[in-house]
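Each remark here refers to the structure printed beneath this line.
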Amino acid sequence: MAWLSITFDAPADQVDALSDALLEAGAASVDVADADAGSPAEQPVFAEPGAVPPRPWQRSRVNVLIAQDADAVAIVAAACSRAGIAPPPCRVSEVAEQDWVRASRDQFAPIRISPRLWIVPSWHRAPDADAINIALDPGLAFGTGNHPTTKLCLAWLERVVRGGETVIDYGCGSGILAIAAMKLGAARADGVDIDGQALLAARHNAIHNQVQITFHGAAEAIGQPARIVVANILAHPLIVLAPLLARLTAPRGRLALAGLLAAQANDVRAAYGPWFDFEAPEEDEGWMLLSCVRR
């Protein structure tokens, strides 16, 4: 079926109530983005567990999807009445029916991490059959190779895995880092995550890549520390996990911390300072990787 898209701008203090009211009025979906995205006024917003919730954008662009035969004017009017605001100027356009699976797949091409390491979706042929190719499809779990933090961690693993090491991927998501470690020559890899769906996806991805990895829930104990530990999470959880990740890293072992912004690097570094000596940080699009060695 075809759809109609309704687009308008709304101030920060109206977005939440208006979004709820639109769904109650019959909208199929509502998404909100920074109305100033791509301009000097763009406001990056990042949310972390345990941190103060981020403030909404001062100007938000609201995009509403409704059925083609629905009354766009009536839906917006009903939602605005429920939210207690005046109807804003709207733009209505038709969203033609298409092969949405194909359209989604077209967004994901093979990703070159280095000359010898690639991430390849299952519907693509590997650009270099002789490279180390990690077969991975986008799914519910974080980690497809697109995000700067994942790329930083993959490049770091390529440098530090020489063959025969034990590896822990803490906050494994899709399992991409543990899979990469095994394909690069690690002897053993363990993945840990708090999300059961992520663990299911990671196990599936490991089987698909023909590597043996043990995946654990966060409450399960890992028996032995590893020579290489990588944690691509977020700054606040990394700070909280510092004592645990120190215990999981063997003496003279290496630890990579990622998922943090440049402004958060000093706080994360301070949390790990009692146990680790730090090397030069790495940066990609404002995201940082901190590499350190266990004393």
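In the stretch 163-174, the residues that are closer than 13 Å to Ala202 by Cβ form Cβ pairs under 7 Å with partners that are open to solvent by less than 30 Å² (accessible area, probe 1.4 Å) and aromatic (Phe, Trp, Tyr), at six or more places apart or across chains, as follows: Cys172/Phe215. Within the stretch 213-221, does at least one residue satisfy the condition of being under 23 Å from Met288 (Cβ atoms) and out of contact with any strand residue (DSSP E or B) (no Cβ under 7 Å at 6 or more places or on another chain)? Checked the stretch 213-221: no residue is under 23 Å from Met288 (Cβ atoms) and out of contact with any strand residue (DSSP E or B) (no Cβ under 7 Å at 6 or more places or on another chain). Looking across the stretch 244-261, just one residue is open to solvent by 10 Å² or more (accessible area, probe 1.4 Å), assigned to a strand (DSSP E or B), under 23 Å from Ser174 (Cβ atoms) and not charged (D, E, K, R), and that is Leu261. Somewhere in the stretch 117-132, is a residue within 26 Å of Glu24 (Cα to Cα), of a type in the set (Asp, Glu) and modelled with pLDDT of 85 or more? Taking every residue of the stretch 117-132 in turn, none turns out to be within 26 Å of Glu24 (Cα to Cα), of a type in the set (Asp, Glu) and modelled with pLDDT of 85 or more.
Only one of the numbered conditions (1) open to solvent by less than 60 Å² (accessible area, probe 1.4 Å); (2) touching a Lys or Arg at 6+ places or on another chain (Cβ under 6 Å) is violated by Ala126, and that is (2). When the stretch 262-295 is filtered for residues that are hydrophobic (A, V, I, L, M, F, W, C) and open to solvent by less than 40 Å² (accessible area, probe 1.4 Å), the ones remaining, listed by number, are Ala265, Val268, Ala271, Phe276, Trp287, Met288, Leu289, Leu290, Cys292, Val293. Listed by position, the strands (runs of 3 or more DSSP E) enclosed by the stretch 145-243 include none that has at least 3 residues that are surrounded by fewer than 23 Cβ atoms within 10 Å (Cβ to Cβ) and in contact with a Lys or Arg (Cβ under 6 Å, 6 or more places away or on another chain). A residue that is under 19 Å from Ala12 (Cβ atoms) and β-branched (Val, Ile, Thr) occurs nowhere in the stretch 65-73.
The values are calculated or read from the model by the stated rules, or taken from the named source; none is laboratory data. The structure displayed is predicted, hence computed values, not measured ones. In this analysis, Cβ positions are derived from the backbone assuming ideal geometry, glycine residues included, and neighbour counts consider all displayed protein chains. Just the protein is used for accessible areas: all its heavy atoms, side chains included, with ligands, DNA and RNA removed. Shrake-Rupley method; radii C 1.70, N 1.55, O 1.52, S 1.80 Å.
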